[in-house]
Amino acid sequence: MSDHRLPKPDRPWMMRTYAGHSTAAKSNELYRGNLAKGQTGLSIAFDLPTQTGYDAGDELARGEVGKVGVPVAHRGDMKVLLDGIPLDQMNTSMTINATAAWLLGLYIVAAEEQGATEDQLQGTTQNDIIKEFLARGTYAFPPAPSMRLIADMVAYTVTNVPKWNPINICSYHLQEAGATPIQEIAYAMSNAIAVLDAVRDRVDESLMPQVFSRISFFVNAGVRFIEEHAKLRAMSILWDELGRERYGVTDDKLRRFRYGVQVNSLGLTEAQPENNVQRIVLETLAVTLGRDARARAIQLPAWNEALGLPRPWDQQWSLRIQQVMAFETDILDYPDIFEGSKVMDGLVAEMLEGSRAEMAVVAEHGGAVEAVPYMKAELVESHRARIRKIETGEMKVVGINDYRETEHSPLTDDSEGGILVVDSAVEAQQTEALVKWRSERDQAAVDAALAEVARVAETPDENIMPSTIAAARAGATTGEWSATLRNAFGEYRAPTGVGEAAGSFAGDEELEGLRDEVDRVSEAIGRRIRILVGKPGLDGHSNGAEQIAVRARDAGMDVVYEGIRLTPSQIAASAVQEGVHVIGLSILSGSHRELIPSVIGALKEAGAGDVPVVVGGIIPDQDVPELTAAGVAAVYTPKDYNLTEIISEIVALVAERNGVAQSA
Amino acid sequence: MTEPRGSALGHRLAERDLTAAPDALNLLESSASADSADRQDLLKATSPAVLGHEPAGHVVGITGPPGAGKSTLISVLVRELRAADRSVAVIAVDPSSKRSGGSLLGDRARIDFDPADKNLLIRSMATGDRLGGLARPTRDAAAALSAAYDVVIVETVGVGQSETEIADIADTVCVVVQPASGDALQFIKSGIMEIPDVLVVTKADLGQIAQRARRDLHAALRSLGATKTSVVAVSSVPPASGISDLIDAVDAHGESVDLVTERAARRRAQALTEFAEEHGRKGMTALGGRRAAVKEVKTLDPTLDVPQMVAELLRRAES
Ligand code: B12
Ligand SMILES: Nc1nc2c(ncn2[C@@H]2O[C@H](COP(=O)(O)OP(=O)(O)O)[C@@H](O)[C@H]2O)c(=O)[nH]1
Ligand SMILES: [Mg+2]
């Protein structure tokens with residue numbers, strides 16, 4: 001038998017599609033369709049209210065219900081969502097974090113109703129809060145109680161739901177927020193240490209090897225796919241080391257680095273969107289080519305990632321990419337093809353060295369929880385550097401800063417521009433359905449169950465899971481469970497990281513020129529130009545807002561940026577109190593048609609109707625006229641990649657509105 | 001005829017019309033010469049000379065190194081003060097970038113507020129070209145706002161010189177330090193830092209080290225004979241603790257000082273500084289030299305606001 005062939009090809013990885021929208025029933029239909037097409041696992045996308053713990057009807061849920069995921073408010077919704085899908089066999093990944101304990105509770109109850117027992121359940125709750133603070137934004141409680149909830153879930157599942165992955169440590173989102181490969185590795189590993197240390201306090205020491213083996217990762221793979229593969233090999237080495245040295249795990253099998261992946265989406269472009277298919281294919285190679293660090297589960301974005309939500313056909317195309325890769329190519333036929341490669345070994349060694357050094361810095365800050373402000377600032381800075389490279393052309397992005405001439409793309413020709421548009425009636429329907437649900441349940445049982453959740457929350461020695469499952473069974477809602485814990489734990493706003501981003505632009509003449517212009521206009525107005533960068537709604541996409549804020553500062557403006565998740569009235573109040581000359585709103589979650597007019601309405605009410613408003617984010621072309629009619633002065637989308645140019649236009653707008661003559 | 005903008009805004013503040021505050025601040029921040037007369041009118045309208053008494057608001061300075069927890073503390077302080085139905089204005093100062101002149105005004109993000117609450121104002125300021133921990137308009141803003149709000153909180157940048165500067169504009173200075181930082185003890189012992197009115201040790205939730213820091217600072221202050229300074233340990237993360245003790249300490253200090261005398265002395269000192277900045281050696285010589293000027297300024301009507309004092313000094317120098 002030769003050692004360059006496997007005796008029998010490997011089994012393919014699990015194939016998933018990250019999906020969910022509108023209602024539980026609509027999403028169930030979608031899941032069944034995907035499974036029929038050969039998808040082998042489920043991956044549930046929840047809407048932002050469910051992820052942050054609000055029910056439809058709550059002020060904070062406005063415009064967001066059913067938009068970017070499915071709303072699941074109670075066991076009834078969960079039942080409909082999973083109807084006809086046998087939970088004793090299915091492997092389900094749930095992208096849920098702050099409210100993970102609750103959604104796992106609903107899942108367990110839905111399984112119970114199907115006749116499946118806890119020990120049969122397989123799947124993953126993402127449940128990684130540190131990366132929510134750093135990059136993803138769907139947190140609800142302060143760091144300490146959040147870590148406790150995670151530890152409780154790990155401790156509960158390791159004995160009761162033994163096939164469950166209670167947490168997926170995510171480096172995926174860090175790369176999407178601008179992280180370098182080394183930051184991705186170092187922050188993910190430091191995060192894992194924080195979680196394991198927290199669990200160690202809550203389980204019997206003898207269970208730690210078992211606990212260690214239940215921790216899986218969710219990573220990213222960018223288009224520099226050779227380097228990205230090296231990154232994954234480095235992670236598996238570090239993980240093995242950590243298991244052996246820090247947690248004394250002696251069984252090799254329990255130290256295996258297991259990961260799922262979604263390939264890079266940050267680099268997928270709005271311009272010439274068909275090119276994204278090549279990018280996705282190449283990125284998939286990073287996580288499939290080398291057997292020693294191959295993904296266990298893969299989900300791929302679609303060609304229209306930067307345009308809006310994918311339709312079933314778009315998702316099918318991405319699923320087919322996986323199937324071609326697994327079933328037509330010979331990728332699965334061989335042992336590790338990089339073994340003995342000098343290039344690969346060299347890259348891995350570089351990654352190991354760099355990430356060990358960065359892990360040491362995090363440890364010096366007191367570990368991952370304490371280092372959140374540090375890591376956040378580092379990410380914003382890395383993203384600043386990345387964008388700068390695109391602007392200067394040092395990093396080529398085909399169709400963006402090079403090869404821009406293009407034929408017309410037929411892919412976006414349909415009336416909705418080649419994306420899925422969620423019916424806005426969904427929000428009212430879900431709100432009404434919830435009223436009905438509440439009127440039909442045993443209210444006294446719900447009250448008692450929630451009182452018990454509150455009691456356990458205040459009792460750190462007890463595990464939150466049993467009372468949570470009981471509340472799910474009693475018919476409590478996502479918003480009620482979350483409000484109970486918000487009440488016990490308090491709330492939290494994560495750091496924005498923008499204050500520290502460096503911004504040295506020696507020799508950048510365009511920016512130098514802009515600074516002169518900012519000085520000139522400021523002097524004419526009497527005050528330095530002041531901009532408020534605001535993020536209305538539950539949207540956690542902060543990259544654009546952060547980078548605009550940093551560049552506006554570097555151009556010489558005074559910048560007020562309060563971070564994500566603000567209500568329209570909060571933004572209006574800040575604008576008035578701060579006396580800003582212009583407001584820049586950033587929305588990527590698809591709720592701009594509801595929220596932008598709300599902000600403008602709130603500004604008028606607060607007496608600041610004359611302050612110009614510009615908007616940026618994922619705004620489909622067909623929505624622009626509506627926003628302009630509502631009073632928006634300008635709209636920017638990912639096509640507008642040059643930040644200095646955007647800021648120049650904003651300065652010109654401020655000059656015009658304040659009657660400052662154009663410069664000669 | 002309608003009243004000129006500056007005095008109109010000033011009068012509205014004096015009548016505790018809090019909706020005038022943002023515009024008043026826009027005016028005070030303006031460096032346009034066209035706004036200069038309005039600016040002076042506004043300050044005059046909120047001065048003791050016109051009000052007939054010192055503005056009633058208590059100006060509280062919050063200083064201490066970056067990261068000590070000043071903004072987070074202000075967030076819970078504001079909540080507690082508002083619960084007691086006291087109106088609050090916060091001026092949060094952040095540094096400007098030397099390279100670009102721009103700034104990221106980040107303190108606001110740490111301070112929770114209810115947008116429907118008309119009795120709370122949070123305003124950020126950038127230091128601009130000034131060194132130290134305050135912005136050029138901070139003093140004027142604090143003075144004007146103290147005519148309208150019950151409490152005016154000023155958060156400094158918190159580096160170097162600011163510790164002394166804030167004492168020039170606040171009635172009560174709180175220095176905020178985090179446990180185990182050690183700087184505060186050294187600063188106090190070496191005299192770099194003036195002895196604060198209230199010393200706040202934050203992050204008491206971190207447990208023993210916070211209690212120890214509180215005891216050490218207390219002992220150090222006693223050994224320096226600073227028996228009046230209270231030392232309070234607080235936690236600003238839920239469940240917050242020590243906040244009402246802090247408010248009591250700040251209130252007690254505010255009541256213990258002779259505001260009329262102290263504020264007048266601060267205004268006079270400021271007037272002299274501004275006179276010297278504006279009129280240079282020539283101006284000072286005209287007043288008979290620095291020592292004579294110091295005497296001269298003490299003869300000024302103590303109820304005048306700073307620009308009026310400067311104007312009066314100029315008149316005397318020219319006569
Ligand atoms: C990166 C990313 C993430 C990161 C965000 C990290 C972070 N901290 O920002 C992570 C991985 C966390 C993430 C998560 C999610 N994402 Co996402 N994400 C993206 C992605 C790939 C890129 C966005 C980005 O950051 N670009 C880089 C920045 C610099 O560009 P930008 O924000 O567009 O800004 C530019 C302009 O728009 C403009 N601009 C933006 N803001 C402002 C503000 C002002 C004042 C001005 C003047 C200009 C301006 O200027 C910038 C310069 O070019 C997009 C798809 C894409 N390729 O665009 C999807 C996308 C936005 N995400 C999407 C979704 C659905 C999600 C989730 C909600 C999924 C889910 N159900 O859980 C989650 C949850 C996030 C949350 N809490 O809200 C959808 C939104 C769909 C829609 N609008 O209908 C998209 C479009 C992908 C898709 N096709 O499905 N995401
Ligand atoms: N554990 C703990 N952390 C705090 C407390 N107060 C502030 N912090 C944290 O300390 C950091 C700095 O706080 P900030 O208020 O911005 O400090 P400032 O620079 O002095 O204004 C933030 O990460 C806060 O969350 C506290 O009482 N306890
Ligand atoms: Mg601060």
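The values are calculated or read from the model by the stated rules, or taken from the named source; none is laboratory data. Owing to the predicted nature of the structure, the values given are computational and were not obtained by experimental measurement. For neighbour counting, all protein chains shown are included, and Cβ atoms are generated from backbone atoms with ideal geometry for every residue, glycine included. Surface areas here come from the heavy atoms of the whole protein model, side chains and all, with no ligands, DNA or RNA. Shrake-Rupley method; radii C 1.70, N 1.55, O 1.52, S 1.80 Å.
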Self-check item: Full-extension gain in nm, A:Arg32 to A:Ala445, via 0.36 nm per residue minus C-alpha separation
Solution: 145.3 nm
Exercise. Can you grab the distance from the C-alpha centre of the stretch B:111-144 to the C-alpha centre of the stretch A:435-481, Å, no decimals?
Key: 43 Å
Quiz item: Along the charge dipole of the protein assembly as shown, Cβ charges K/R +1 and D/E -1, which of A:Gly222, A:Ser522, A:Ala655 sits furthest on the positive end?
Solution: A:Ser522
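Is there a quick way to get the dipole size of the stretch B:260-318? I mean about its Cα centre, with the Cβ of Lys and Arg at +1 and of Asp and Glu at -1; what is the value in debye to the nearest 20? Can you show the working numbers first?
Working: 12 positive and 9 negative charges, 61 e Å.
My answer is approximately 300 debye.
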Quiz prompt | For the stretch A:27-35, Karplus couplings with θ = phi - 60° (6.51, -1.76, 1.60), whole Hz, Gly/Pro x | solution = 6, 4, 4, 4, 5, 5, x, 5, 5
Quiz item: Roughly what % antiparallel, to the nearest 5, for the DSSP beta bridges in the stretch B:55-256?
Solution: 5 percent
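About the Cα centre of chain B, what is the dipole size in debye to 20, counting +1 per Lys and Arg Cβ and -1 per Asp and Glu Cβ, all else neutral? Spell out each step's value before the answer.
Details: 37 positive and 43 negative charges, 191 e Å.
Dipole size: approximately 920 debye.
Pull up the DSSP beta bridges for the protein assembly as shown and report the antiparallel fraction as a percent, rounded to 5. Provide the component values of the computation, followed by the final result.
Details: 2 of 78 bridges.
Antiparallel bridges make up about 5 percent of those DSSP assigns within the protein assembly as shown.
Please compute the net charge surrounding A:Thr180, taking Lys and Arg as +1 and Asp and Glu as -1 over other residues with Cβ under 14 Å from its Cβ. Each step should come with its number before you reach the end.
Working: positive: A:Arg224, A:Lys231, A:Arg384, A:Arg386, A:Arg388, A:Lys389; negative: A:Glu176, A:Glu184, A:Glu227, A:Glu228, A:Glu350, A:Glu353, A:Glu358, A:Glu378, A:Glu381.
The answer is -3.
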Practice problem: Grab the Cα-Cα distance for A:Glu59 and A:Ser341, subtract it from 0.36 nm times how many residues apart they are, and report the gain in nm with one decimal. | Solution: 95.9 nm
Quiz item: At a Förster radius of 22 Å, what calculated FRET efficiency corresponds to the Cβ-Cβ distance of A:Thr628 and A:Glu416, to the nearest 0.05?
Solution: 0.70
Quiz item: Would you list B:His11, A:His74 from the most to the least accessible area, probe 1.4 Å?
Solution: B:His11, A:His74
Quiz prompt | Value of Rg to Rh for the stretch A:494-600 (Rh from inverse mean 1/r over Cα pairs, i.e. Kirkwood) | solution = 0.99
Quiz item: If the cut-off is 19 Å between C-alpha atoms, which aspartates and glutamates fall inside it for A:Lys342, apart from same-chain ones fewer than 8 positions away?
Solution: A:Glu227, A:Glu228, A:Asp292, A:Glu350, A:Glu353
Quiz item: Which entries of A:Lys67/A:Lys604; A:Lys604/B:Lys118; A:Lys26/A:Lys163; B:Lys44/B:Lys118; A:Lys231/A:Lys389 show an alpha-carbon separation above 18 angstrom in the structure shown?
Solution: A:Lys67/A:Lys604; A:Lys26/A:Lys163; B:Lys44/B:Lys118; A:Lys231/A:Lys389
Quiz item: What is the spin-label model distance, in nm, from A:Ile85 to A:Asp10 if the labels are put 7 Å beyond Cα along the C-beta direction?
Solution: 2.6 nm
Exercise. Name the aspartates and glutamates eligible as straight-distance cross-link partners of B:Lys98: C-alpha to C-alpha under 12 Å, and not fewer than 8 places from it in the same chain.
Key: A:Asp554, B:Asp129
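Just from its helices, what would the mean residue ellipticity at 222 nm be for chain A, if runs of 4 or more DSSP H residues each count -39500 (n - 2.57) and the sum is divided by every residue, rounded to the nearest 500 deg cm²/dmol?
Values: 23 runs with 306 residues, N = 664.
Roughly -14500 deg cm²/dmol at 222 nm, from the helical runs in chain A.
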Exercise. Round to the nearest 10 and report in Å² the accessible area of B:His279, as given by a 1.4 Å probe over the protein chains' heavy atoms.
Key: 60 Å²
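Given a 1.4 angstrom probe, I'd like the percentage of the accessible area of chain B that is carbon and sulfur, rounded to a whole number. All intermediate terms of the calculation are to be shown ahead of the outcome.
Values: 7250 of 14100 Å².
Roughly 51 percent, rounded to a whole number.
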Quiz prompt | Check: the stretch B:152-277 dipole with +1 on Lys, Arg Cβ and -1 on Asp, Glu Cβ, in debye | solution = 460 debye
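When the helices in chain B are scored as -39500 (n - 2.57) per DSSP H run of 4 or longer and the sum is shared across all residues, what 222 nm value do you end up with, to the nearest 500 deg cm²/dmol?
Numbers: 13 runs with 147 residues, N = 319.
When only DSSP H runs of four or more count, the value is -14000 deg cm²/dmol.
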Exercise. Please give the solvent-accessible surface of A:Arg356 in Å², to the nearest 10, using a probe radius of 1.4 Å with every protein chain present.
Key: 100 Å²
Quiz item: Relative to the present Cα-Cα distance, how much length would full extension add between B:Glu255 and B:Leu131 at 0.36 nm per residue of separation?
Solution: 41.5 nm
Exercise. Mind grabbing the interface size between A and B? I mean buried accessible area, both sides, 1.4 Å probe, in Å² to the nearest hundred.
Key: 2500 Å²
Quiz item: Whats the longest run of chain A with zero GluC sites (Glu not before Pro) that are DSSP loop and have at most 15 other Cβ atoms within 10 Å?
Solution: A:1-338
Exercise. Would you work out which of B:Leu121, A:Met78, B:Ala144 lies farthest towards the positive end of the dipole of the protein assembly as shown? Charges go on Cβ: Lys and Arg +1, Asp and Glu -1.
Key: B:Ala144
Quiz prompt | Charge dipole of the protein assembly as shown about the Cα centre (unit charges at C-beta), most positive-ward option of B:Val88, B:Thr63, A:Met344 | solution = B:Thr63
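What percent does the relative contact order of the stretch B:55-256 come to when contacts are Cα pairs within less than 8 Å and at least six residues apart?
Values: 415 pairs, mean separation 51.7, N = 202.
Value for the stretch B:55-256: 26 percent.
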Quiz item: Listed highest first by mean packing, meaning other Cβ atoms within 10 Å per residue, what order do B:241-248, A:213-220, A:290-297 come in?
Solution: A:213-220, A:290-297, B:241-248
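Considering Cα pairs under 8 angstrom that are at least six residues apart, work out the relative contact order of chain A and quote it in whole percent. Write out the running numbers ahead of the final one.
Numbers: 1202 pairs, mean separation 104.1, N = 664.
That works out to 16 percent.
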